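Chemist: First, the structure itself, so that you have it in front of you.
The values are calculated or read from the model by the stated rules, or taken from the named source; none is laboratory data. Fair warning: this is a prediction, and the values are worked out from it, not measured in the lab. When we count neighbours, we look across all protein chains shown, and the Cβ atoms used for this are built from the backbone with ideal geometry, even at glycine. Heavy atoms of the whole protein, side chains included, go into the accessibility calculation; ligands, DNA and RNA do not. Shrake-Rupley method; radii C 1.70, N 1.55, O 1.52, S 1.80 Å.
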Amino acid sequence: DLQQIIPYVWIVNPRTKKVLAYKRSSGKNYSEKRLMDKWSCGIGGHIEREDSENPVENAMIRELKEEVKMENYPTPKIVGYLNDDADSVGKVHFGVVALAETKENVDKGDDEMSKCYFMSISELDDLFSDKDVEIESWTRLSWPFVKSYLEN
């Protein structure tokens, strides 16, 4: 009956105006069937007990460290919230959307991602408009705001 708060961090390069995008794995490498094989731009997950001091920010940093490899992990800044009851994932989760700015390379951290790389605004727009590509709903919903942020 209650929604869990999920930090959802977009990794952006403000200099090149590119965004980290990734495709989730399928099968044994990724267990969340509702998101399997979908493209996403948000790194996120549940807040854990260990995140107690500043739970949202600590969960953001922890999730970044679990999901991607970076030399330095920037502190994400919260830019909005997502409440989307349109699907089974959204009905039980409330998103805290943040941006982590970096000029560094970012690599996938584990096998939960099948692909991971920076994409330009036009490349993402093309990907998102491709009817044969499945995009995670939170990525679709928050993309206009992230795009506007990068363009301004």
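Chemist: List every residue whose amide H lies under 5 Å from the amide H of I135, counting only residues 5 or more places away in sequence or on a different chain, with H placed 1.01 Å from N in the peptide plane.
Modeler: Amide H neighbours of I135, under 5 Å, 5+ apart: W39.
Chemist: Of the accessible area of region 14-152, with the probe set at 1.4 angstrom, what percent is carbon plus sulfur? All intermediate terms of the calculation are to be shown ahead of the outcome.
Modeler: On the way: 3550 of 7850 Å².
C and S atoms contribute 45 percent here.
Chemist: Can you give the helix-only mean residue ellipticity at 222 nm for the chain, where every DSSP H stretch with n ≥ 4 adds -39500 (n - 2.57) and the sum goes over all residues, rounded to the nearest 500 deg cm²/dmol? Display every interim value, and only then the final one.
Modeler: Working: 3 runs with 37 residues, N = 152.
The helix-only estimate for the chain comes to -7500 deg cm²/dmol at 222 nm.
Chemist: Shifting gears a bit: Name the residue farthest towards the positive end of the dipole of the chain from the options H46, W138, V92, assuming +1 on Cβ of Lys and Arg, -1 on Cβ of Asp and Glu, about the Cα centre.
Modeler: Sorting the options by dipole projection puts first W138.
Chemist: Hey, what's the chain come to in accessible area per residue, 1.4 Å probe, Å²? Don't skip to the answer; put the middle values down first.
Modeler: Values: 8490 Å² over 152 residues.
Per residue, the chain has an accessible area of 56 Å².
Chemist: Heads up, I need the accessible area for S88: 1.4 angstrom probe, whole protein in place, Å², nearest 10.
Modeler: Ignoring ligands and nucleic acids, S88 comes out at about 60 Å².
Chemist: Further question: What do you reckon, how do C116, C41 stack up by accessible area (1.4 Å probe), largest on top? Don't skip to the answer; put the middle values down first.
Modeler: Working: C116 25, C41 5 Å².
Order by accessible area, largest first: C116, C41.
Chemist: Sticking with this structure for a sec: What does the charge dipole of the chain about its Cα centre add up to, to the nearest 20 debye, if the Cβ of each Lys and Arg holds +1 and the Cβ of each Asp and Glu holds -1? It would help to have the intermediate numbers written out before the result.
Modeler: On the way: 21 positive and 29 negative charges, 62 e Å.
With only Lys, Arg, Asp and Glu charged at Cβ, the dipole is about 300 debye.
Chemist: Whenever you get a sec, line up I11, I61 from highest to lowest accessible area (probe 1.4 Å, protein heavy atoms).
Modeler: Working: I11 0, I61 35 Å².
Ranked list, largest accessible area first: I61, I11.
Chemist: Order F145, F118, F128, most accessible first, counting only protein heavy atoms with a 1.4 angstrom probe. Mind showing how you got there, number by number?
Modeler: Values: F145 155, F118 50, F128 25 Å².
From most accessible down to least: F145, F118, F128.
Chemist: For Cα Rg over 2.2 N^0.38 Å, the listed values are (1) 0.98; (2) 1.05; (3) 1.15; which was obtained by calculation from the structure presented?
Modeler: Comparing each candidate, only (1) matches the computed number.
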